[in-house]
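See structure below.
The values are calculated or read from the model by the stated rules, or taken from the named source; none is laboratory data. Note that the structure is predicted; figures quoted are calculated from it, not measured. Backbone-built Cβ (ideal geometry, glycine too); neighbour counts: all protein chains shown.
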Amino acid sequence: MRLNQVTLPCTDYAASVAWWQRFGLKLIVDSPPKYARFECPAEEGEEPATLSIHLVEAPLAVDWPAVYFEVKDVFIEVGGRCMNGIHPLGEPERQEWRWTEAWFRDPAGNRVCLYTAGKNRRFPPWRVGEAAGGSGGG
């Protein structure tokens, strides 16, 4: 099984489409005023994941879900987003769980994280059921 698609709510279609394009996603379905789908950047030979937005009547009054995008270097990626007018909520931070994270909010208030984790994403020292080295089955 592979997670490939996430759909987020949006309250201003045009602002959200523009924001996600500046964030670095490629618009592949444009059905204003309700729905858009984007491709995420992918490594050579990989199938890109997709993310969609769908118009809702009112913004959500909760802080979840959060969408995470793994990148090789958070600092470089944040710099690129800033040059496109997308600014993080604060400086990238190294977390106690060994990830470096930078947080953003899209126009609808959805929480978006750029992070670098390396092997700690799947194989932290506290991984359950097998050694943190990463050779286990599944």
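Quick notes on this structure:
- Cβ pairs under 6 Å, 6+ apart, first in region 112-135 and surrounded by 14 or more Cβ atoms within 10 Å (Cβ to Cβ), second hydroxyl-bearing (Ser, Thr, Tyr) and at pLDDT below 90: none
- Verdict on Gly90 being at pLDDT below 95 and over 23 Å from Gln21 (Cβ atoms): no
- For region 60-88, a residue qualifies if it is assigned to a helix (DSSP H, G or I) and either of a type outside the set (Gly, Ala, Ser) or touching a Phe, Trp or Tyr at 6+ places or on another chain (Cβ under 7 Å) (or both), and the qualifying residues are Val74, Phe75, Ile76, Glu77, Val78, Arg81, Cys82, Met83.
- Cross-chain or 6+ apart pairs with Cβ under 7 Å, region 1-15 first and closer than 13 Å to Glu39 by Cα, then aromatic (Phe, Trp, Tyr) and in a helix (DSSP H, G or I): none
- In the set Ala102, Ala58, only one residue is in contact (Cβ under 8 Å) with a residue 12 or more places away in the chain, surrounded by 15 or more Cβ atoms within 10 Å (Cβ to Cβ) and among the small types (Gly, Ala, Ser); that residue is Ala102.
- Residue that is of a type outside the set (Asp, Glu) and within 30 Å of Arg127 (Cα to Cα), where the choices are Arg98, Arg81, Arg22, Arg37: Arg98
- The listed residue being assigned to a loop (DSSP other than H, G, I, E, B), more than 16 Å from the chain's Cα centre (by Cα) and within 16 Å of Thr7 (Cα to Cα), out of Glu46, Glu91, Glu57, Glu96: Glu57
- Filter pass, Glu39 being surrounded by fewer than 17 Cβ atoms within 10 Å (Cβ to Cβ), modelled with pLDDT of 95 or more, under 27 Å from Ala15 (Cα atoms) and of a type in the set (D, E, K, R): yes
- Residues in region 64-79 include at least one that is in contact with a helix residue (DSSP H, G or I) (Cβ under 8 Å, 6 or more places away or on another chain) and within 9 Å of Tyr115 (Cα to Cα).
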